[in-house]
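These notes concern the structure reproduced below.
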Amino acid sequence: MRFHFAEAAGDPAHWLPLARSLEEAGFTGICLADSLAYPAESDARYPYTEDGTREFLRGKPFIEPLVLAAAVTAATSRLEVTPFVLKLPVRPPVLVAKQAASVAALSGGRLSLGVGISPWPQDFTMMGVDFEKRGKRLDECIDIVRGLCAGGAFQFRGEFYDIPEIEMNPVPARPLPILIGGHSEAALRRSVVRGDGWMSAGGSSEELDRILGRLGELRRELAPEKEFRTFAASREAFTVDGVRRLADSGVTDVVVGFRGVHESGPDERTLDQRIEQIEKYAAAVIAAL
């Protein structure tokens, strides 16, 4: 089992000392949230809160995840970084490929790219991208990023992107892992067909069990030989027995945080308090396994 830390946002000055503390405590990696901007008005529902609102995001500081990934890997020597998840279809895929390849090259391959579709039409509007057919756009973006990061000559012609033959340098020394976020049937299928793994957005143990069962069916049907990572954000990850149960269910990576992802208001914890939580978890769970 691999252990990753994730909290939606916090004091930007905390990120680098937290990253160093995570590495010292024995965590595998850190997951970095993506939020472009907060719209003044929105009638769209957020799929991962009971009331469908995203008020918990208001006023919280978010560092752009690939920028933060570069800083975190420069401040550490082993810690892996994974955007959780990058809103890929609102971004130019060639630019994302360049950014990801650069971070991977500078960090010795410590970047995995978690990607997904923003549920907010405003994210598409502010970036000048159509909201319609966003799933197909994401598919093309994944293919472009993977193709460019593989090295050598690459060209692409699709419904949304027409890229003449180009070559990117540097590229990662090993294939860039691309992980897919989302709980829909389309997201699960995409993670098996186009991705190297799946990332949970949280939820109940029952919901996670249902998704893991469906992922197993899709993997057996569509990609039985593919290596596959499964990231789970679950309350069960806070006990040794719970981690063992997750591993038995097919989870390869657990994601933990010590403040609720959907909590509103500022995070009042000091840096020392946050580091203490990391160290206590590492001693109680990671060291015991």
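What to note about this one:
- Surface analysis of region 149-207 yields an accessible area of 51 Å² per residue, using protein heavy atoms and a 1.4 Å probe.
- Shown here for region 201-264: GluC sites (Glu not before Pro) in loop regions (DSSP other than H, G, I, E, B) with at most 10 other Cβ atoms within 10 Å, namely Glu225, Glu227.
- The chain shape via C-alpha gyration tensor axes, a/c threshold 1.5: rounded
- Nonpolar atom fraction for region 78-153, defined as the carbon and sulfur part of the 1.4 Å probe accessible area, stands at 57 percent.
- With contacts taken as Cα pairs under 8 Å and at least 6 residues apart, the chain reaches a relative contact order of 21 percent.
- Average projected area [Cα convex hull, region 148-189], square nanometres: 4.2 nm²
- Protein accessible area in region 182-227, 1.4 Å probe - carbon and sulfur %: 47 percent
- Length gained on full extension, Ser264 to Val193, computed as 0.36 nm times the residue gap minus the Cα-Cα distance: 22.0 nm.
- For the peptides 111-117, 183-189, 20-26, 87-93, residues were scored by their other Cβ atoms within 10 Å and the scores averaged per peptide; the highest-first order is 111-117, 87-93, 20-26, 183-189.
- Anisotropy class of region 77-163 from Cα gyration tensor, a/c 1.5 cut: oblate
- Between Leu222, Leu79, Leu32, the GNM of the chain built on Cα springs shorter than 10 angstrom shows Leu222 fluctuating the most.
The values are calculated or read from the model by the stated rules, or taken from the named source; none is laboratory data. Since this is a predicted model, take the numbers as computed values, not measurements. Here the Cβ is made from the backbone with ideal geometry for all residues, glycine too, and neighbour counts use every protein chain on show. Just the protein is used for accessible areas: all its heavy atoms, side chains included, with ligands, DNA and RNA removed. Shrake-Rupley method; radii C 1.70, N 1.55, O 1.52, S 1.80 Å.
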